[in-house]
Amino acid sequence: MKVIYLETIKGKAKKDEVKEVNEGYANNFLFPKKLATLATPKALLEIQKRMDTIRVEREVQDDLLLKNLSQIKDIEVTISANANEKGHLFSSIGTKEIVEALLKQKVSISEEFIILPKHIKEVGDSMIQVSIKGKKAEFKLVVVKI
């Protein structure tokens, strides 16, 4: 019996996956717990439409990310932070703070794309790398003392 999984079941199938399963397993476990539905032609068509929509949305998101990547090349981001007389920051600057500073300049990049080997702990300039889909860019981050 062919079923469409409605939920991901670890070790069995992922959500929206179509699989051939034993009839007893489907009737006694999957259907009562609403983990799967029968793979009718109508249901298969709906799954295909949903997957096409998701694919198109991902392509649009990828295009936006690559556009943001091209914007990043020429910007300089400044973050103000508390520091002592020697320039050591009281709290380090990580990807979260960098993303917030980028948003102030109307550039939206997720934390997962920022390559930061270690948190920034001192006042000064740093070059921050961003990598999206194998393409890389750098921007200048300036940390100033408040």
Counting DSSP beta bridges in region 72-145, what percent are antiparallel, to the nearest 5? 70 percent
Residue separation times 0.36 nm, minus the C-alpha to C-alpha distance between residue 84 and residue 27: what's the value? 13.8 nm
Hey, can you grab everything whose amide H is under 5 Å from the amide H of residue 79? Only 5+ residues off in sequence or another chain; H modelled, so Pro and N-termini drop out. 142, 143, 144
Efficiency by 1/(1 + (r/R0)^6): what FRET value for residue 57 and residue 136, r their Cβ-Cβ distance, R0 = 30 Å, to the nearest 0.05? 0.80
Determine by what factor the alpha-carbon radius of gyration of the chain differs from 2.2 N^0.38 Å, reporting the quotient. 1.62
Which value at 222 nm does the chain reach when only helices count, each DSSP H run of 4 or more adding -39,500 (n - 2.57), with the total divided by all residues and rounded to the nearest 500 deg cm²/dmol? -10000 deg cm²/dmol
Mind listing the phi-derived Karplus ³J(HN,Hα) values for region 48-55, rounded to whole Hz, using 6.51, -1.76 and 1.60 with θ = phi - 60°, and x for any glycine or proline? 4, 5, 4, 5, 5, 4, 4, 4
Taking R0 as 22 Å and r as the Cβ-Cβ distance between residue 71 and residue 49, the FRET efficiency 1/(1 + (r/R0)^6), rounded to the nearest 0.05, comes to 0.10
Amide H neighbours of residue 6 under 5 Å, at least 5 residues apart or on other chains, H built in the peptide plane: list them. 16, 36, 37
Net dipole in debye of the chain [+1 Lys, Arg Cβ; -1 Asp, Glu Cβ; about Cα centre; nearest 20]: 360 debye
Expected vector for region 86-97, Karplus 3J(HN,Hα) from phi with 6.51, -1.76, 1.60 and θ = phi - 60°, integer Hz, x for Gly and Pro, equals 7, x, 7, 6, 6, 9, 6, 10, x, 4, 4, 5
Taking 0.36 nm per residue of sequence separation and subtracting the Cα-Cα distance, how much length would be gained by fully extending the chain between residue 7 and residue 38, in nm to one decimal? 9.8 nm
May I ask you to list the aspartates and glutamates whose Cα is less than 17 Å away from that of residue 136, ignoring any residue fewer than eight positions away on the same chain? 62, 63, 74, 76, 111, 112
Ratio of Rg to Rh for region 2-63, alpha carbon only, Kirkwood? 1.07
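None of the figures in this text is laboratory data; all of them are computed from the coordinates on show. Remember, it's a predicted structure, so these values are computed and weren't measured experimentally. Here Cβ is always computed from backbone atoms with ideal geometry, including for glycine, and neighbour counts include all displayed protein chains.
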